[in-house]
Amino acid sequence: MNPNINSESKIYIYDTTLRDGAQREGLSLSLEDKLQIAQKLDQMGIPFIEGGWPGANPKDGQFFGQLKANPLTQAQVVAFCSTRRPHTTAAKDPLLKAILDAGTTWVTIFGKSWDLHVTKGLHTTLEENLAMIRDTIEYLISQGRQVIYDGEHWFDGYKDNPDYAMQTLETALEAGAAWLVFCDTNGGTLPHEITQIIQEVIGKLQTKYGKIPPLGIHTHNDADTAVANAIAAVQAGVRMVQGTINGYGERCGNANLCSVMPNLQLKLGYSCLADAQMQQLSATSRFISEVVNLAPNDHAAFVGQSAFAHKGGIHVSAVEKNPLTYEHIAPEAIGNQRRIVISDQSGLSNVLAKARTFGINLDKSHPACRQILEKLKDLESQGYQFEAAEASFDLLMREFLGSRPELFSIKGFQVHCNMTQDWTHALATIKVVVKDQDILESAEGNGPVSALDAALRKALTNFYPEIAQFYLTDYKVRILDGGAGTSAKTRVLVESSNGQQRWTTLGVSGNILDASYEAVVEGIEYGLLLGSRS
């Protein structure tokens, strides 16, 4: 993967989710998590996947061992490490032995670019830092490795002492590094500075060596400009972009590849991935958010669930006629989809468009349209919020259209709670009618909603065995009128899944159990409806 610098449009994407992304506060990856993410990125066509720092912890060593036994199909997995320690040799540094043991063709080494870090952080001389860079790269190359050199704190170092920062870069180049990467490690550089500094450096390298070596960019998001900085660097001449899926990373995160790649490819004409691979972007973003156990950002650019959502009636009417009116790209290009949001701001256009997304074709003359719209506005005035619970809105539409099947009906339920100092125990009893049969069941849970859900499943599973595959993925409670104290009305949102699809239902009541019951029951009903369609 040595780049052809004359190939102006090719951009090499370098993913560091498994190492830099894993430094995000609250994010922890198991070995199995890392392997799943690496395989997903490989399927997507990412050329470089940084796997971690072998020797820094047992898990990273095991990760590289697993990939040696079961290699990725096309991506180069990259080991990451610092330059050797001061006043030793690379051949004797145990850190580098662990790097070699990882068995990767490519190794990324970071070195100090900022004289402040050399003297105050490493407590060594500027000359020794240059020797550390040179010795480390030359040693790894002698052992058959190809080296990507990350200039840590590059922009801060260059602004503080440009001559010394250039010496570190030239040392790495002369030692044989295949790539030189500018790192905005503190994340405080702005796009115009990125452009100016990279152009200056390219000019100096061109003058000294008669050519431009392969260059890369690694930006952090502390000034909320990581994506803009990465794009500015590409426009200034770099051809490798390092970043993470969903922008995960230490402090405020890294450059979000889910924004960088479509901006470069779909807006600016660069080539990051094949078109079919780019269409996997939204699914990959959501898959990785699930693996790392962080809720997807619904409002994320490009890949968020709300990125192509339309709520205002005028917007919906316009986008139905021509998507360009309110969409900057076709959502299908990055594997996302248009969503028509239903709320109290909706008009008939919203209802008709939303119905089509559920496979229901209506026109304005259908009497149910006005009825649905009036009911929608009435329910939302009571606290319902259908834009966050599309499954409940689908059921509401089908009710007015006479196509909502009566799969079961609830005749009543009771919940009893026993509380001690150490635990809460709940017992729910529920009476259900299924196919003209009265079913009475009870179940226990660690709380009233858990017990109610368990009792309902127990009552229905013999009739609908697919319910065993349903599970709750999220449960949200919102107090709608806090000034009413304990008499306040409550809105409950329940997200459910069958392993392939997700859907959200809601309930509203002055009784939190009643609101929860409504959301849970509709969640099971909608899951059964989905199953009947497939």
Cα long-axis angle, helix 348-357 against the chain (0 to 90 degrees, to the nearest 10) = 70
Relative contact order, percent, of the chain when contacts are C-alpha pairs under 8 Å separated by at least 6 residues?
-> 9
Rough spin-label spacing in nm, given labels placed 7 Å along Cα→Cβ, for Asp224 and Gln39 = 3.9
How high is the relative contact order of the stretch 173-276, given as a whole-number percent (alpha carbon pairs under 8 Å, six or more residues apart)?
-> 25
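At a threshold of 8 angstrom on Cα-Cα distance, excluding pairs fewer than six apart, so keeping six or more, what relative contact order does the stretch 30-139 reach in percent?
25
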Between Arg404 and Ser381, the two model label points (7 Å from Cα along the beta-carbon direction) sit apart by a distance in nm of 2.0
At a 1.4 Å probe radius, which order do Ser450, Ser516 fall into by accessible area, largest first?
-> Ser450, Ser516
Judged on accessible area alone, 1.4 Å probe, highest first, Trp114, Trp106 line up as Trp114, Trp106
Any chance you could check the Cα centroid distance between the stretch 255-272 and the stretch 55-87 for me, in angstrom?
-> 27
For the chain, build the charge dipole from Cβ charges (+1 Lys, Arg; -1 Asp, Glu) around the Cα centre, then report which of Thr325, Pro213, Gly383 sits farthest towards its positive end.
-> Thr325
For Cys417, tell me the accessible area in Å² from a 1.4 Å probe, rounded to the nearest 10.
-> 70
Beyond 19 Å, what share of the Cα-Cα pairs of the stretch 390-441 remains, rounded to the nearest whole percent?
-> 55
Exposure of Asp150 as accessible area (Å², to 10), given a probe of 1.4 Å and all protein chains = 0
Tell me which aspartates and glutamates have Cα within less than 15 Å of Lys10's Cα, excluding those fewer than 8 residues away on the same chain?
-> Asp275
Calculate, for Lys204 and Glu32, the FRET efficiency according to 1/(1 + (r/R0)^6) with r their C-beta to C-beta distance and R0 51 Å; round to the nearest 0.05.
-> 0.65
Dipole of the chain, positive end: most advanced residue of Thr189, Asn418, Ala230 [Cβ charges, Cα centre] | Ala230
Longest exposed-loop-site-free stretch of the chain, with GluC sites (Glu not before Pro), DSSP loop and at most 16 other Cβ within 10 Å?
-> 26-326
If one compares the long axis through the Cα atoms of helix 31-44 with the longest principal axis of the Cα atoms of the chain, the angle in degrees, nearest 10, works out at 80
The stretch 161-231: D in µm²/s via Stokes-Einstein (Kirkwood Rh, Cα pairs, 25 °C, 0.890 mPa s)?
-> 192
Considering the dipole of the chain built from charges on the beta carbon (Lys and Arg +1, Asp and Glu -1) around the Cα centre, which of Gly103, Gly247, Leu273 is farthest to its positive end?
-> Leu273
Please work out the FRET efficiency for the pair Asn322 and Tyr471, using the Cβ-Cβ distance as r and a Förster radius of 35 Å; give the result to the nearest 0.05.
-> 0.30
Quick one: grab the alpha carbon gyration tensor of the stretch 259-311, order the square roots of its eigenvalues as a ≥ b ≥ c, and give me rounded if a/c is under 1.5, else prolate or oblate depending on whether a/b is larger than b/c.
-> oblate
Rounded to the nearest 500, what is the chain's calculated 222 nm mean residue ellipticity when only DSSP H runs of at least 4 contribute -39500 (n - 2.57) each, over all residues?
-> -12000 deg cm²/dmol
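Tell me the Kirkwood radius of the stretch 30-141: reciprocal of the mean inverse pair distance over distinct alpha-carbon atoms, in Å.
The answer is 15.0 Å.
Can you give the FRET efficiency for Asp160 and Thr195, using 1/(1 + (r/R0)^6), R0 = 25 Å, r = Cβ-Cβ distance, to the nearest 0.05?
For R0 = 25 Å, the calculated efficiency reads 0.85.
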Based on Cβ point charges of +1 for Lys and Arg and -1 for Asp and Glu, what charge dipole magnitude is obtained for the chain about its Cα centre, in debye rounded to the nearest 20?
-> 740
Placed amide H near Gln76: partners under 5 Å, 5+ positions off or other chain | Phe48, Ile49
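Give me the number: length gained by fully extending Lys92 to Gln501, i.e. 0.36 nm times residue separation minus the C-alpha to C-alpha distance, one decimal in nm.
141.9 nm
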Label points 7 Å out from Cα along the Cβ direction at Gln279 and Gln235: separation in nm?
-> 3.0
Prolate/oblate/rounded label for the stretch 360-406 (Cα gyration tensor, a/c 1.5) = oblate
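Could you give the accessible area per residue of the stretch 137-228, probe 1.4 Å, as a whole number in Å²?
Accessible area per residue, the stretch 137-228: 36 Å².
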Stick to the Cα atoms of the chain, pair each with every other, and give me the Kirkwood hydrodynamic radius in Å at one decimal.
-> 26.5
Of the listed pairs Lys321/Lys364; Lys34/Lys92; Lys34/Lys68, which have alpha-carbon separations greater than 25 Å here?
-> Lys34/Lys92
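The values are calculated or read from the model by the stated rules, or taken from the named source; none is laboratory data. Since this is a predicted model, take the numbers as computed values, not measurements. Cβ sites come from the backbone with ideal geometry, for glycine too, and all protein chains shown count toward neighbours. Each accessible area value is taken on the protein alone, full model and side chains, heavy atoms only, with ligands, DNA and RNA left out. Shrake-Rupley method; radii C 1.70, N 1.55, O 1.52, S 1.80 Å.
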